[in-house]
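The values are calculated or read from the model by the stated rules, or taken from the named source; none is laboratory data. This structure is a prediction, so every number in the text was calculated from the model and none was measured. Backbone-built Cβ (ideal geometry, glycine too); neighbour counts: all protein chains shown.
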Amino acid sequence: MHQLVVFASGKGSNVQAILDYFQSSGKAQIALIVCNNPAGGVLDIAAAHQIPVQLIDRSSVKEAAFVEMLRSHSPSLLVLAGFLWKVPDSVVQAFPARIINIHPALLPKYGGKGMYGQHVHQAVIAAGEKESGITIHYVNEHYDEGGAILQARCALLPEDTHEGLAGRVHKLEHYFFPRTIEFLLDNLS
Ligand code: GAR
């Protein structure tokens, strides 16, 4: 069984989608949830499924012990599912081509520092885009710049609010993220 370490900051709907998808297959399980937000809804999901949680702060993630703790779970992949901090370079270097992120827009547009959650959707609407979507990509040392693995698109309607767009983007995420993880697990080199 593949072990996943999932990093999340918020509500955790993508974590829930990953749990639901792999529940019956026995192919992967979430060994650990790394969270920087003591009030994140994802912690309730972790508790409900008895998944260990590592709460982090800005300094603890930079320590060598953090990388060793991650290694101790023998993760096949590290999955950023709504994680709003930049991953330290030490972690990126310790797990080459093993860290993936999901971003709620079609990168390279609407990425980078400060571009997360509703800020992304508001910027997309303000720019008058005709479509948006998701990007699942490898994580490197620069925000949202690692190689793309998959993009999926949705139309943007003239009357769209950022909440409406977020809902449509979440549907894409919940469908494609677990399936992309499964594809990568099946094809690890
Ligand atoms: C998701 O839409 C994810 O793409 C986004 O945060 C949301 C988390 O939702 N990530 C980013 O914006 C990263 N820059 P969730 O907590 O319900 O999974």
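Values computed for the structure shown
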item	result
Flag if G12 is among the small types (G, A, S), in contact with a strand residue (DSSP E or B) (Cβ under 9 Å, 6 or more places away or on another chain) and more than 15 Å from V91 (Cβ to Cβ)	yes
Given (1) in contact (Cβ under 8 Å) with a residue 60 or more places away in the chain; (2) more than 11 Å from the ligand (Cβ to nearest atom), index of the condition W85 fails	(2)
Evaluation of K113 against (1) of a type outside the set (D, E); (2) closer than 25 Å to K11 by Cβ; (3) out of contact with any Lys or Arg (no Cβ under 9 Å at 6 or more places or on another chain); (4) at pLDDT below 95 (one fails), failing number	(3)
Only listed residue being within 16 Å of the ligand (Cβ to nearest atom) and part of a loop (DSSP other than H, G, I, E, B), chosen from N14, N37	N37
When residues of the range 92-106 are limited to those that are surrounded by 21 or more Cβ atoms within 10 Å (Cβ to Cβ) and more than 9 Å from the ligand (Cβ to nearest atom), the one nearest to K11 (Cα to Cα)	I100
Verdict on Q29 being within 24 Å of L185 (Cβ to Cβ) and part of a loop (DSSP other than H, G, I, E, B)	no
Every pair of residues 6+ apart whose Cβ atoms lie under 9 Å, when the first sits in the range 130-142 and is within 14 Å of the ligand (Cβ to nearest atom) while the second is outside any strand (DSSP E or B) and polar (S, T, N, Q)	I136/T180
Selected residue (only one of S24, S59, S74 is touching a residue at least 12 places away in the same chain (Cβ under 8 Å) and surrounded by fewer than 16 Cβ atoms within 10 Å (Cβ to Cβ))	S74
Conditions (1) within 12 Å of the ligand (Cβ to nearest atom); (2) among the hydroxyl-bearing types (S, T, Y); (3) closer than 18 Å to V87 by Cα: number failed by S60	(1)
